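Take a look at the structure set out below.
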């Protein structure tokens with residue numbers, strides 16, 4: 001069964017299909033560039049997805065076949081970045097949207113087809129996994145626009161591709177192919193265009209079959225280990241690990257192994 005969630009903007013679509021929550025950036029006439037109202041809708045979507053225990057994976061994609069997300073909608077800059085107060089509000093909304101995607105306990109996949117530019121790259125980095133169609137193109141055109149990039153955004157990219165590739169991406173502002181993105185570690189997988197959605201759905205099914213408490217523990221542990229040793233909350237990770245051992249799912253996993261059957265996990 002498919003359920004569409006009502007939203008205050010037509011430029012975002014939130015859809016639930018079984019264990020998958022689809023977050024779709026729906027601005028194809030502007031290559032799915034992100035408008036202010038779209039940033040504001042993302043926390044509402046995340047609230048709904050996180051409240052549904054049936055959702056085991058969130059997939060972020062762009063509407064249509066031509067573009068994943070082509071960054072922020074520059075046509076709105078005069079309106080939303082014209083004054084310090086307006087700029088602060090816009091950036092706060094964008095930061096909160098990105099934070100909610102990155103911080104969710106639910107595994108996230110960016111399904112990338114076509115252009116993934118600027119803020120689109122940033123949004124893909126907020127996801128746990130990035131799976132791209134072979135014809136996709138990636139780039140960050142900041143140096144062609146005179147934009148500054150905050151350290152938090154640069155670090156997020158550097159954590160994935162390393163310092164040298166960050167410099168190449170920003171210094172050249174060129175478009176990188178999906179194969180180049182794979183080589184630098186920007187994406188996890190590259191698949192033929194026609195196979196992208198079936199491949200992502202298969203990945204979602206694999207993830208949904210696995211123990212959600214274990215996935216949550218690993219996701220939080222990776223997040224903490226990415227911080228400096230003084231900032232990492234290892235105790236929180238240890239509590240999540242202990243919760244796995246104390247769970248009904250751990251009992252189910254052992255029994256299923258002994259009975260040579262597939263386990264059925266419920267997240268408890």
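All of the numbers you see were taken from the coordinates with simple rules; none came from a lab. Keep in mind that this is a model prediction, so the values were computed, not measured. Note that each Cβ is placed from the backbone with ideal geometry, even for glycine, and that neighbours are counted across all protein chains shown.
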Practice task
Go through 18-28, 137-147, 224-234 and give me the packing order, highest mean Cβ count within 10 Å leading.
Solution key: 18-28, 137-147, 224-234
Problem - R0 of 22 Å, Cβ-Cβ distance residue 37-residue 2: FRET efficiency to nearest 0.05 - result: 0.40
Fill in the blank from the handout: Computed, not fitted: 222 nm per-residue ellipticity of the chain from DSSP H runs ≥ 4 (each -39500 (n - 2.57)), nearest 500, equal to -14500 deg cm²/dmol
Handout entry: Where a label projected 7 Å from the Cα of residue 99 along Cα→Cβ would reach, residues of region 153-171 with amide N under 20 Å
Key = 153-157
Completion exercise
Quick note, region 119-268: a/c under 1.5 would make it rounded; otherwise a/b > b/c is prolate and the rest oblate (a ≥ b ≥ c, C-alpha gyration tensor); here it is oblate
Exercise for the section: Rounded to the nearest 10 degrees, what's the angle between the helix 36-50 long axis and the longest principal axis of the chain, both from Cα atoms, 0 to 90? Expected result: 0
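Work out the FRET efficiency for residue 195 and residue 218 from their Cβ-Cβ distance, taking R0 = 35 Å, and round it to the nearest 0.05.
With a Förster radius of 35 Å, E is 0.80.
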Exercise for the section: Assign one of three labels to region 2-207, namely rounded, prolate or oblate, based on the Cα gyration tensor with a ≥ b ≥ c the square roots of its eigenvalues; rounded applies when a/c is under 1.5, prolate when it is not and a/b is larger than b/c, and oblate otherwise. Expected result: oblate
Handout entry: Prolate/oblate/rounded label for region 19-79 (Cα gyration tensor, a/c 1.5)
Key = oblate
Handout entry: 0 to 90° range, to nearest 10: angle between helix 163-172 axis and the chain longest Cα axis
Key = 30
Fill in the blank from the handout: Extension length gain for residue 145 and residue 251 (0.36 nm per residue less Cα distance), in nm, is 32.6 nm
Problem - Extended-chain gain in nm, criterion 0.36 nm per residue less alpha-carbon gap, residue 238 and residue 9 - result: 78.4 nm
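Sort 9-16, 83-90, 57-64 for me by packing, meaning the mean count of neighbouring Cβ atoms within 10 Å per residue, highest on top.
57-64, 9-16, 83-90
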Practice task
Just the number, please: percent antiparallel of the DSSP beta bridges in the chain, rounded to the nearest 5.
Solution key: 35
Practice task
Mind pulling the angle between the C-alpha long axis of helix 196-209 and the longest principal axis of the chain? Nearest 10 degrees, somewhere in 0 to 90.
Solution key: 40
Practice task
Evaluate the distance, in nm, between pseudo-label points positioned 7 Å from the Cα of residue 85 and of residue 155 along their respective Cα→Cβ axes.
Solution key: 3.1
Exercise for the section: Please give the contour-minus-distance gain from residue 266 to residue 47: 0.36 nm per residue of separation, less the Cα-Cα distance, rounded to one decimal in nm. Expected result: 76.8 nm
